[in-house]
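Quick notes on the structure that follows.
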Amino acid sequence: MKRTEFVLIAGLLPAMSFAATLPEPNSKGAALVTNYCTECHGAPYPSAHPAREWPAVVARMQNWRVTKGFGEIPEKDLAPLVDYLEKNGRR
Ligand code: HEC
């Protein structure tokens, strides 16, 4: 994907499943999302997906991070990040 196309897609994303305020805003999980998930779009809202879908979404985002040169989310942060999204996922 060319950079211009990428910026265009990322620019359209806020309309979909992103929110300004995360649940449990002072938790470690919210901090991890803010840290690793906002370079390309707004903070993803955990209720955008049921818990069982989050691991695959995060794996896809890892690929985006690598493709775009941000580097992988380190192992020690990955598990608590996915836990937070699952815990607050859609019921
Ligand atoms: C390097 C850029 C980048 C980073 C960092 C990034 N994303 Fe994304 N994200 C994208 C792009 C590009 C799309 C649209 C294409 C797609 O869905 O794969 C997207 C789409 C999404 C979507 C909407 C599509 C869906 O499947 O619901 C969600 C939710 C999402 N990202 C969550 C996350 C989470 C959670 C993180 C952190 C772990 C994250 N993103 C970090 C680039 C990124």
Legend entry - Given (1) more than 10 Å from the ligand (Cβ to nearest atom); (2) in contact with a Leu (Cβ under 7 Å, 6 or more places away or on another chain), number of the condition Ile73 does not satisfy: (1)
Inset, instruction - Looking only at region 35-59, count how many residues are farther than 17 Å from Ala79 by Cβ, exposed (fewer than 14 other Cβ atoms within 10 Å of the Cβ) and not acidic (Asp, Glu). - result: 2
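Scanning for something among the hydrophobic types (A, V, I, L, M, F, W, C), touching a helix residue (DSSP H, G or I) at 6+ places or on another chain (Cβ under 9 Å) and farther than 30 Å from Lys2 by Cα, does region 38-51 turn up at least one residue? Explain how you work it out, then say what you get.
Here is the first cut: in region 38-51, the residues among the hydrophobic types (A, V, I, L, M, F, W, C) are 40, 43, 48, 51.
Restricting the remaining residues to those that are touching a helix residue (DSSP H, G or I) at 6+ places or on another chain (Cβ under 9 Å) gives 40, 43, 48, 51.
If we keep only those that are farther than 30 Å from Lys2 by Cα too, we end up with 51.
Among the residues of region 38-51, at least one is among the hydrophobic types (A, V, I, L, M, F, W, C), touching a helix residue (DSSP H, G or I) at 6+ places or on another chain (Cβ under 9 Å) and farther than 30 Å from Lys2 by Cα, which makes the answer yes.
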Legend entry - Filtered residues of region 16-32 (kept if in a helix (DSSP H, G or I), near the ligand (Cβ under 9 Å from one of its atoms) and within 15 Å of Asn88 (Cβ to Cβ)): Ser17, Leu32
Inset, instruction - Could you list all residues from region 33-53 that are more than 9 Å from the chain's Cα centre (by Cα), more than 7 Å from the ligand (Cβ to nearest atom) and not polar (S, T, N, Q)? - result: Pro50, Ala51, Arg52, Glu53
Inset, instruction - Scan region 72-91 and report the pairs whose first residue is charged (D, E, K, R) and whose second residue is surrounded by 12 or more Cβ atoms within 10 Å (Cβ to Cβ) and outside any helix (DSSP H, G or I), with Cβ atoms within less than 8 Å and a gap of 6+ or a chain change. - result: Arg90/His49
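Every read-out reported here was derived from the displayed coordinates using simple, explicitly stated rules and does not represent laboratory data. This structure is a prediction, so every number in the text was calculated from the model and none was measured. Note that each Cβ is placed from the backbone with ideal geometry, even for glycine, and that neighbours are counted across all protein chains shown.
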